[in-house]
Amino acid sequence: STYGDRLHRPLADTLEELRGVLDAAARGGGNVIIPAFAVGRTQELLYLFARHYQDWRMHRFALFLDSPMAIQATRVYLRHEELYDKETAKLWSGTRRDLRKVLPNLSFTASAEQSMRINRIRSGAVIIAGSGMCNGGRVRHHFKHNLWRRECHVVISGFQAAGTPGRALVDGAAHLRLWGETVKVAAQVHTVGGLSAHADQAGLGGWDPVCSRS
C-alpha cells in the first residue's frame, strides 16, 4: 500500500493549509503552481476552489487549468451529474456544465499558445497542470518560469514516486534539471497530503473485502 505506514492529515487541516498558501501568495505577489493528475485530483481541486470561492477569496486570482487531458476529463465529469453526491450536486446546480458559473476566474488553456501566455503572468495566477509527478507535461514549463522565484508557491497534491521530480521537491531539492538546464528551487513547496486518493493506514484497516466483492 502507498500509505500503509501513515495517516493522512485531517481534511479540515488540509483545507486550512490550502487557504494559507493562497493567502501567502496573495500577500507576496507570486503565482501558485499545482502539479495534478488529470483525472480525479484536478476535478477535486476545482471542486474545492468552487466550494470555498468566497471564504478563500478566490476572486484574487486568475485560475488556469492548463492540461488538455485534464480539460477533457473535467468535461466528462460535468456531463454525469447523476453520479454526484448531494453536496456536489447542490454546488454544480445551475451551472449547465459551465464551471465559470461557480469559478468565474477559471480559464481552460488547451492550446500551446494559450499555455505559453500564462508564463507572462508574474503574480496572481493559480495554475493547475500535469503531470502529477512533474516528470512531463506543461507543469515543467511553469516551473522554469516560477520555481526560482521566492514569492511563488508549489502545492504538491498527490503521491510522488521515488525518482520523480515531484519527489525531489518533496524531499527538499535545491535544484531541478529541466531540459538540460539547472533551475534553482526558491519557491515555497507545500506537500498537502490530505488530498490523496489513496487510503491511509486507517482506511486500509477499515477495508471490508466482503463489501468490496459485492
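The values are calculated or read from the model by the stated rules, or taken from the named source; none is laboratory data. Bear in mind the structure is a predicted one, so any value in this text is a computation, not a measurement. FYI the Cβ positions are ideal-geometry reconstructions off the backbone, even for glycines, and counts take in every protein chain you see. Please note that ligands, DNA and RNA were not included when accessible areas were found on the heavy atoms of the full protein model with its side chains. Shrake-Rupley method; radii C 1.70, N 1.55, O 1.52, S 1.80 Å.
Under the definition of Cα pairs under 8 Å and six or more residues apart, what whole-number percent is the relative contact order of the stretch 1-116?
Rounded, it is 27 percent for the stretch 1-116.
Please work out the Cα center distance from the stretch 35-78 to the stretch 162-195, rounded to the nearest Å.
Comparing the Cα centres of the stretch 35-78 and the stretch 162-195, I get a distance of 22 Å.
Taking the Cα centre of the chain as the origin, how large is its charge dipole in debye, to the nearest 20, when only Lys and Arg (+1) and Asp and Glu (-1) carry charge on their Cβ atoms?
So the dipole magnitude of the chain works out to roughly 780 debye.
Residue 83 versus residue 144, label points 7 Å from Cα toward the beta carbon: distance in nm?
Simple spin-label model gives 3.5 nm for this pair.
Tell me which of 127, 45, 173 sits at the most positive position along the dipole axis of the chain, charges placed on C-beta atoms (Lys, Arg +1; Asp, Glu -1).
The residue sitting farthest along the positive end of the dipole is 127.
With a ≥ b ≥ c the root eigenvalues of the C-alpha gyration tensor of the stretch 1-116, is it rounded (a/c under 1.5), prolate (a/b larger than b/c) or oblate?
rounded
Of 58, 116, 133, which has the most accessible area with a 1.4 Å probe, and how do the rest follow in descending order? Could you put the intermediate results ahead of the total?
Details: 58 0, 116 120, 133 45 Å².
From most accessible down to least: 116, 133, 58.
At 1.4 Å probe size, put 179, 56, 148 in order of accessible surface, largest to smallest.
179, 148, 56
What is the distance, in nm, between label points placed 7 Å from the Cα along the Cα-to-Cβ direction at residue 60 and at residue 186?
2.2 nm
What lysines could a cross-link reach from residue 144, if we take a straight Cα to Cα line under 26 Å and drop same-chain neighbours fewer than 8 places away?
184
FRET efficiency for residue 201 and residue 39, Cβ-Cβ distance as r, R0 = 22 Å, nearest 0.05? Write out the running numbers ahead of the final one.
Details: r = 25 Å, r/R0 = 1.14.
That gives a FRET efficiency of 0.30.
What is the percent carbon and sulfur in the accessible area of the chain, measuring with a 1.4 Å probe over the protein chains and ignoring ligands?
52 percent
With the crude spin-label approximation of a point 7 Å out along Cα→Cβ, what separation in nm comes out for residue 116 versus residue 97?
It is 3.2 nm.
When a/c is below 1.5 the answer is rounded, else prolate if a/b is larger than b/c, else oblate, so apply that to the chain with a ≥ b ≥ c taken from the square roots of the Cα gyration tensor eigenvalues.
Cα axes put the chain in the oblate bin.
State in Å² the accessible area per residue of the stretch 73-207; use a 1.4 Å probe, count heavy atoms of protein chains only, and round to the nearest integer.
Here the residues of the stretch 73-207 average 54 Å² of exposed surface.
Please compute the net charge surrounding residue 23, taking Lys and Arg as +1 and Asp and Glu as -1 over other residues with Cβ under 14 Å from its Cβ.
After counting each charged neighbour, the total is 0.
Could you order 141, 190 by accessible surface area, starting with the largest, using a probe radius of 1.4 Å?
141, 190
May I ask which residue of 112, 153, 92 lies farthest towards the positive end of the charge dipole of the chain, with charges of +1 (Lys, Arg) and -1 (Asp, Glu) on Cβ and the Cα centre as origin?
Value computed over the given set: 112.
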